[in-house]
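These notes concern the structure reproduced below.
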Ligand code: SF4
């Protein structure tokens, strides 16, 4: 295949995301004012990726969940989080997901593998991933990604660095992972020829702390009744944070949303005029149903407070006193954010779930269990028992959160309709 890599994505950015941004800015699309900043960050991230790739002006690192971008930014590397790419590529075009999943399965990958890894493999075979100078991956969050990265490594002519991620979230576990990040710094120095500069890392961490402080306040404000922003806003914030944390542009977006939520709470304005149900959407959003949040709001006066992935954005600041404290903060942030969060025992996950349920003042749980995420299914069984004992209404269904052929939108909505019109109506 000739021509530049990521041809499809280059076209998608200019022909889909740019007009979408115009529509949001003109308020021709719902919640345009609140979502435009997230789409702008997405466009900027991809345009910068294409530019760096074409000019080879600095090194590109393809990295995985269980790490955050600060260390790469501090080392002068362009960070590209592989796991955020599939959902962006398939946004509004689910057939793109079907194509890459089919390409992966035709190349011999078992159908049971997580859709993220099948999608990434298909995209890699179609040259729809950046031509990375190196890959950085960890032993978390799951078996599927462990197999996935072994496959990717065989196809990419680039060195791979692996971090050993502990299956715990104690201070000792964070210190262990911090030592792994210290080894990563040595690898990045070798690959880039750049020397590690503690002051530069401090600058980036301070920038990301400003953003995470605003994000924490946003979540605090989402506890208000009525919840000030629709579910779509927390999705947008999560996606933007994955790609842009540590940049001033992301901080500005987070602070804008924080100020807007503050004003809405002060005015008693909610995402849903007559908020009836407060939903804890535990685990992944349905990437091919862009209208899901709006549908729940309109049909059942129900607001999605957060999903599990976005809820992991509530992070304490990184202590910038010394290199050790910064690496510990980065370790905690990497391990406990995104899907890295599900690497711990079911008991720990249940404890966190109960804290989240109470913190947000939710009155029900929707748990779409991804078919490829086997360890999560083990957890769901135990969580169901806990919810039954405590009288927490829970709607569980199996789904492939990116491949709409496994369970189409109509079937998902049917399950939700039954839950809200039967279980929740009786409360
Ligand atoms: S959805 Fe589950 S199986 Fe897939 S990458 Fe995330 S943790 Fe792994």
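Restricting to the stretch 18-47, name every residue that is surrounded by 19 or more Cβ atoms within 10 Å (Cβ to Cβ) and closer than 25 Å to residue 124 by Cβ.
41, 42, 45, 46
Take the residues in the stretch 130-147 that are closer than 24 Å to residue 50 by Cα and either under 18 Å from the mean Cα position of the chain (by Cα) or within 13 Å of the ligand (Cβ to nearest atom) (or both); name whichever of them is surrounded by the most Cβ atoms within 10 Å (Cβ to Cβ).
136
Of all residues in the stretch 277-296, count the ones that are assigned to a loop (DSSP other than H, G, I, E, B) and either within 16 Å of the ligand (Cβ to nearest atom) or touching a helix residue (DSSP H, G or I) at 6+ places or on another chain (Cβ under 8 Å) (or both).
8
For every residue, the table says whether it meets (1) surrounded by fewer than 18 Cβ atoms within 10 Å (Cβ to Cβ); (2) in contact with a helix residue (DSSP H, G or I) (Cβ under 9 Å, 6 or more places away or on another chain); (3) at pLDDT below 95.
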{"residue": "178", "(1), (2), (3)": "no, yes, no"}
{"residue": "185", "(1), (2), (3)": "yes, yes, no"}
{"residue": "188", "(1), (2), (3)": "no, yes, no"}
{"residue": "196", "(1), (2), (3)": "yes, yes, no"}
{"residue": "205", "(1), (2), (3)": "no, yes, no"}
{"residue": "208", "(1), (2), (3)": "no, yes, no"}
{"residue": "215", "(1), (2), (3)": "no, yes, no"}
{"residue": "227", "(1), (2), (3)": "no, yes, no"}
{"residue": "234", "(1), (2), (3)": "no, yes, yes"}
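Looking at the stretch 50-72, which of its residues are part of a helix (DSSP H, G or I) and surrounded by fewer than 22 Cβ atoms within 10 Å (Cβ to Cβ)?
Answer for the stretch 50-72, where residues must be part of a helix (DSSP H, G or I) and surrounded by fewer than 22 Cβ atoms within 10 Å (Cβ to Cβ): 50, 51, 52, 53, 54, 55.
Which residue is farthest from the ligand (Cβ to nearest atom), if the candidates are limited to the stretch 148-176 and must be farther than 21 Å from residue 76 by Cα, under 22 Å from the mean Cα position of the chain (by Cα) and surrounded by 15 or more Cβ atoms within 10 Å (Cβ to Cβ)?
Filtering first and then ranking leaves 174.
Only one of 310, 261, 249 is part of a helix (DSSP H, G or I), modelled with pLDDT of 95 or more and crowded, with 19+ Cβ neighbours inside 10 Å; which?
261
Table: residues versus (1) more than 16 Å from the ligand (Cβ to nearest atom); (2) surrounded by fewer than 23 Cβ atoms within 10 Å (Cβ to Cβ); (3) modelled with pLDDT under 90.
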| position | (1), (2), (3) |
| --- | --- |
| 272 | yes, yes, no |
| 298 | yes, yes, no |
| 306 | yes, no, no |
| 325 | yes, yes, no |
| 380 | no, yes, no |
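Might you check whether a residue that is touching a strand residue (DSSP E or B) at 6+ places or on another chain (Cβ under 8 Å) and either within 16 Å of the ligand (Cβ to nearest atom) or at pLDDT below 95 (or both) occurs anywhere in the stretch 97-113?
no
The values are calculated or read from the model by the stated rules, or taken from the named source; none is laboratory data. Source: prediction; values computed, not measured. Please note: Cβ atoms are built from the backbone with ideal geometry, for glycine as well, and neighbour counts cover all protein chains shown.
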